[in-house]
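The values are calculated or read from the model by the stated rules, or taken from the named source; none is laboratory data. This one's a predicted model, so the numbers in the text were calculated from it and none came from an experiment. Virtual Cβ from ideal backbone geometry, glycine too; neighbours counted across all protein chains shown. All accessible areas refer to the heavy atoms of the entire protein, side chains included, with ligands and DNA or RNA removed. Shrake-Rupley method; radii C 1.70, N 1.55, O 1.52, S 1.80 Å.
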Amino acid sequence: MKLSVAFLRSAIAAMAASAVVGIVSAQLPAKDPIPTNSVYQLDVLLENENGDSIELDLFYGNPVLVTMFYTSCPHVCPLLINTIKVMEAKLSAEERARLRVLAISVDPERDTPEALKKTMQLHAVDRDRWTMVRSKPADLRTIAGMFGVRYKKLPDGEFNHSSKIILLDGKGISIAETSKLGKSDPAFLAAIQTALE
Amino acid sequence: MNKAMAVILLHVLFSGSVFAAEVNQFIRIEGGDFRSVIPVDESNNLATVSDFYLQQSPVTNAEFLRFVLYRPEWQRERAPGIFADDQYLSAWAGPISLGQDALPDQPVTRVSWFAANAYCKSENGRLPTWYEWEFVAAANEKRSDARDSDAWQRQIISWYSTVGGGPLSSVRARPANYHNVYDAHGLVWEWVDDFTGLLVSGDNREQGGADQLQFCGAGAITMEEKENYAVLMRVAMLSSLEARFTTRNLGFRCARSMEPNQ
C-alpha cells in the first residue's frame, strides 16, 4: 500500500523530469519492503521548513533522531534541540555525516514553515541533515502515537508533551530512545554510534 | 477468482446480518459545560463540550468485519505490527470470519487505536475526545449528570470489578442513557482520540514533567473529583496504553463534529 503510493509518486516525479517516459519506471531503484514494525509504514505527508511537502521516510536508509517539539516552547524544546547537538558533537565527522535529524511539531497551527526555519537558524543546526516539519492537525495524534509521544494542548495555547529523542535505524525501526536532556546519555550515544557503523 | 467470490459471498452474508440488526446511528449530542475529572488547567476543571454526533453503541464485530472486507490492509494478517499488536482481532476465527468467540452483535475488541481511528475515518468520523466521552458517560437513564448518585456509582464500580470474566454481551442489552446512548458503562472500555493526552500535567512545563507523569500514575495526577472513582479507573487504564495495544475488553465507537471533519 505504502510502497505503491510512494512508488507512484516517484514515478510521476521521474516522468515529469524526463522526456523519455518509456524507460523511466525500469530505471527506478527498488526499495526493500518496509518492515512491519517500521514507522515508515505510516503513509503521511509532512511540510518542512521550506514549505515543501515531504514524506515521513525522507531519510530512509540513514539512522535518524526523531523528536517532537514546538517552536514557541520556552524551556524543554530548546533543551531537546541542544541535547541532540551535544550528542552530534561527540560523533566523528564521518559518523555525523550519516546521521539525520527530524523534529516534528506538536503545534502545526502555529508552526508555519517560516517559524520552523527561524528556529533552525536560531539554533544553527546543519540544514543539510536536519529538517523541522509540521503535519496536518488531523494526523498529529497518529504520528505521536507511533512514537509513543504523549501531548496535551493547554488552554493558553501552550503544550505539554513527552520530551524524548528516538533513534530510528535506516529502515525506520525504533531502536533506542532517551528522555535525558541537557547532557549526552551514554547508552543512547552508544546506540547511535552502533547504528552509524 | 475463488477467493474474490468468497469475499463477495461473505460480504453479502454478513451485510445481511448487519441490516437485520439496528443500524449503529450517529445521534446528535447536545453539548454543555461540565466538571471533568481531568483539569482543563491548573485552576479549573470546567470543560466545555460542543454539540457533536456519537454512535449509539460500540462498534460491533459485524460492523468491523465489513470494514476489513473493503479495507483489507486492516485484516489481522496484514496490519503492520507498528499499528496493531499480535493479539489484534485474535478472537476472530479468521482474517475475514468471526466464529463462535466473536458474535456479530458483540462489540469488537482487541482493536488498536490506529485501527479504531482508521475505522472512524472510513465512517467520515473520528474517535470521540475524552471530554466528549466523559460528558456522555456522566448520564444515567434519567439525568444528564448522575455522578452524584451513590447507587449509580456503585453499579458502575461493580461492573469494573467483574470486567475480564465471561464472554461479552451483545451491544444494547441494557437501556440507553439520557442521551439515548447505549453501553457507556458496563460493557467495554473505549478508545478516545486523545488518550495520550490524559495524564499529561496541566501545569508543569519543566523538563521531565510529562514523562514522569506517564509513570507516576495517580500519585502525580492533579485530577479533580476524586470521588468519581469509576471514571478515574478508566483514565488510568487508557493512560497505560500505547496506540498499538489491543485488549479483550477494549472497543470503541465513533463521533463526528458538527462541521465536516478535515
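Filter the range A:133-163 down to residues that are touching a residue at least 60 places away in the same chain (Cβ under 8 Å) and either out of contact with any Gly (no Cβ under 8 Å at 6 or more places or on another chain) or more than 9 Å from every other protein chain (Cβ to nearest Cβ) (or both), then give me how many there are.
Of the range A:133-163, the ones touching a residue at least 60 places away in the same chain (Cβ under 8 Å) are A:133-136, A:139, A:142-144, A:146-147, A:149, A:151, A:158-159, A:161-163.
Pick out the ones that are also either out of contact with any Gly (no Cβ under 8 Å at 6 or more places or on another chain) or more than 9 Å from every other protein chain (Cβ to nearest Cβ) (or both) and you get A:133-136, A:139, A:142-144, A:146-147, A:149, A:158-159, A:161.
The total comes to 14.
Identify, from the list B:GLN214, B:GLN262, the residue that is open to solvent by 60 Å² or more (accessible area, probe 1.4 Å), at the interface with chain A (Cβ under 7 Å from one of its Cβ atoms), modelled with pLDDT under 85 and touching a Lys or Arg at 6+ places or on another chain (Cβ under 9 Å). Spell out the reasoning first.
Details: B:GLN214 fails: open to solvent by 60 Å² or more (accessible area, probe 1.4 Å).
Residue meeting the stated conditions: B:GLN262.
From B:ALA116, B:ALA91, B:ALA102, grab the single residue that is at pLDDT 95 or above and within 14 Å of chain A (Cβ to nearest Cβ).
On the way: B:ALA91 fails: within 14 Å of chain A (Cβ to nearest Cβ); B:ALA102 fails: within 14 Å of chain A (Cβ to nearest Cβ).
Within the list B:ALA116, B:ALA91, B:ALA102, the selection yields B:ALA116.
Sort out which residues of the range B:167-192 are of a type in the set (A, V, I, L, M, F, W, C), closer than 19 Å to B:TRP130 by Cβ and part of a loop (DSSP other than H, G, I, E, B), and write them in order of number. Please lay out each step first, then the result.
Going residue by residue through the range B:167-192, those that are of a type in the set (A, V, I, L, M, F, W, C) are B:168, B:171, B:173, B:176, B:181, B:184, B:187-189, B:191-192.
Filter once more, so that each one left must be closer than 19 Å to B:TRP130 by Cβ: B:181, B:184, B:187-189, B:191-192.
B:VAL181, B:ALA184, B:LEU187, B:VAL188, B:TRP191, B:VAL192 - these are the residues of the range B:167-192 that are of a type in the set (A, V, I, L, M, F, W, C), closer than 19 Å to B:TRP130 by Cβ and part of a loop (DSSP other than H, G, I, E, B).
Can you spot a residue in the range A:53-64 that is within 12 Å of another protein chain (Cβ to nearest Cβ), buried (at least 18 other Cβ atoms within 10 Å of the Cβ) and within 14 Å of A:LYS136 (Cα to Cα)?
So the first thing to find is which residues in the range A:53-64 are within 12 Å of another protein chain (Cβ to nearest Cβ), and the list is A:56.
Of the ones still in play, those that are also buried (at least 18 other Cβ atoms within 10 Å of the Cβ) are A:56.
Subset that is within 14 Å of A:LYS136 (Cα to Cα): A:56.
Checked against the condition, which is being within 12 Å of another protein chain (Cβ to nearest Cβ), buried (at least 18 other Cβ atoms within 10 Å of the Cβ) and within 14 Å of A:LYS136 (Cα to Cα), the range A:53-64 yields at least one hit.
Could you go through the range A:65-78 and let me know if any residue there is away from chain B (no Cβ under 14 Å) and closer than 30 Å to B:LEU238 by Cα. Quick ask: steps written out before the conclusion?
Here is the first cut: in the range A:65-78, the ones away from chain B (no Cβ under 14 Å) are A:65, A:71.
Now restrict to residues that are closer than 30 Å to B:LEU238 by Cα: A:65, A:71.
Checking the range A:65-78: at least one residue is away from chain B (no Cβ under 14 Å) and closer than 30 Å to B:LEU238 by Cα.
Please go through the range B:69-88 and pick out each residue that is more than 14 Å from chain A (Cβ to nearest Cβ) and either touching a helix residue (DSSP H, G or I) at 6+ places or on another chain (Cβ under 8 Å) or among the hydrophobic types (A, V, I, L, M, F, W, C) (or both).
From the range B:69-88, those more than 14 Å from chain A (Cβ to nearest Cβ) are B:69, B:87; that's our starting set.
Selection gives B:LEU69 alone.
Mind checking whether some residue in the range A:116-132 is in contact (Cβ under 8 Å) with a residue 24 or more places away in the chain, open to solvent by 10 Å² or more (accessible area, probe 1.4 Å) and under 30 Å from B:LYS121 (Cβ atoms)?
no
Would you check if A:LYS183 is within 14 Å of chain B (Cβ to nearest Cβ) and under 16 Å from A:LEU58 (Cα atoms)? Reasoning before the result, please.
Details: within 14 Å of chain B (Cβ to nearest Cβ): yes; under 16 Å from A:LEU58 (Cα atoms): no.
Spelling it out, it is not the case that A:LYS183 is within 14 Å of chain B (Cβ to nearest Cβ) and under 16 Å from A:LEU58 (Cα atoms).
Hey, any hits in the range A:42-53 for a residue that's under 24 Å from A:GLN193 (Cβ atoms) and either in a loop (DSSP other than H, G, I, E, B) or basic (Lys, Arg) (or both)?
Scanning the range A:42-53 turns up no residue that is under 24 Å from A:GLN193 (Cβ atoms) and either in a loop (DSSP other than H, G, I, E, B) or basic (Lys, Arg) (or both).
Can you report the number of residues in the range A:164-177 which are surrounded by 20 or more Cβ atoms within 10 Å (Cβ to Cβ), more than 8 Å from every other protein chain (Cβ to nearest Cβ) and in contact with an Asp or Glu (Cβ under 7 Å, 6 or more places away or on another chain)?
The number of residues fulfilling the criteria is 4.
Here's a check for you: in the range A:79-114, which residue that is open to solvent by 60 Å² or more (accessible area, probe 1.4 Å) and touching a Ser or Thr at 6+ places or on another chain (Cβ under 8 Å) is farthest from the other protein chains (Cβ to nearest Cβ)?
Result: A:LYS90.
Check the range B:97-117 and report whether any residue there is in a loop (DSSP other than H, G, I, E, B), of a type in the set (S, T, N, Q), under 16 Å from B:GLN56 (Cα atoms) and out of contact with any Ser or Thr (no Cβ under 8 Å at 6 or more places or on another chain). Give the derivation first.
Initial filter on the range B:97-117 (in a loop (DSSP other than H, G, I, E, B)): B:98-106, B:108-112.
Now restrict to residues that are of a type in the set (S, T, N, Q): B:100, B:106, B:109, B:112.
With under 16 Å from B:GLN56 (Cα atoms) added as a condition, the list becomes B:106.
Then drop every residue that is not out of contact with any Ser or Thr (no Cβ under 8 Å at 6 or more places or on another chain), which leaves none.
No, the range B:97-117 has no match at all.
Among the residues of the range B:103-118, is any in contact with a Phe, Trp or Tyr (Cβ under 9 Å, 6 or more places away or on another chain), open to solvent by 30 Å² or more (accessible area, probe 1.4 Å) and not hydrophobic (A, V, I, L, M, F, W, C)?
yes
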